[in-house]
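Asks: My questions will all concern the structure given below.
Every number here is computed from the coordinates shown, using simple stated rules; none is lab data. What you are looking at is a predicted structure, and each value in this text was computed from that prediction instead of being measured. All Cβ positions, even for glycine, are placed from backbone atoms using ideal geometry, and neighbour counts span all protein chains on display.
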Amino acid sequence: MAVETLYRSTRDLETTFVDRKLADAHDQMLELAESLTDVLLKNVVGLTEKQAEDASIFMAKNRAVFAAAFKNNVGALAELTQLDGEAT
């Protein structure tokens, strides 16, 4: 019988990983999304909690693209538009 070590985040009990680095990265993404949700809910009037969570997870998953855009590389956001167009 083989033994397999699995990792998971306390923020997402359903998702498991066989690599600790991937589990840590996922946990950090969820932590960022949680903080973003709080900021959005406090500063954007009329935004529902679900909308804030969805936007926050999207932003956290695409952190590198948003970081580049905030560093005066607005063209980086085109990558997200292209991904959106491919998904539909």
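Asks: With the requirement that a residue be part of a loop (DSSP other than H, G, I, E, B) and within 16 Å of L32 (Cβ to Cβ), what does segment 48-63 give you?
Replies: Hit for segment 48-63 is N62, nothing else.
Asks: Shifting gears a bit: Within segment 27-43, track down each residue that is of a type in the set (A, V, I, L, M, F, W, C) and under 15 Å from F66 (Cβ atoms). Spell out how you get there, then give the answer.
Replies: Residues of segment 27-43 that are of a type in the set (A, V, I, L, M, F, W, C), as a first pass: 29-30, 32-33, 36, 39-41.
Answer for segment 27-43, where residues must be of a type in the set (A, V, I, L, M, F, W, C) and under 15 Å from F66 (Cβ atoms): M29, L32, A33, L36, V39, L40.
To keep it simple, each residue is scored yes or no on (1) part of a loop (DSSP other than H, G, I, E, B); (2) in contact (Cβ under 8 Å) with a residue 12 or more places away in the chain; (3) surrounded by 12 or more Cβ atoms within 10 Å (Cβ to Cβ).
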| site | (1), (2), (3) |
| --- | --- |
| T5 | yes, yes, no |
| R8 | no, yes, yes |
| L32 | no, yes, yes |
| L41 | no, no, yes |
| G46 | yes, no, no |
| V65 | no, yes, yes |
| E79 | no, yes, yes |
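Asks: Does T37 meet the test of being in contact with an Asp or Glu (Cβ under 8 Å, 6 or more places away or on another chain) and surrounded by 11 or more Cβ atoms within 10 Å (Cβ to Cβ)?
Replies: Yes.
Asks: Has segment 21-29 got any residue that is touching a strand residue (DSSP E or B) at 6+ places or on another chain (Cβ under 7 Å) and under 16 Å from N62 (Cα atoms)?
Replies: There is at least one residue in segment 21-29 that is touching a strand residue (DSSP E or B) at 6+ places or on another chain (Cβ under 7 Å) and under 16 Å from N62 (Cα atoms).
Asks: Then there is this: Give the residues of segment 14-27 that are loosely packed, with under 14 Cβ neighbours inside 10 Å, part of a helix (DSSP H, G or I) and not aliphatic (A, V, I, L, M), sorted by residue number.
Replies: R20, K21, D24
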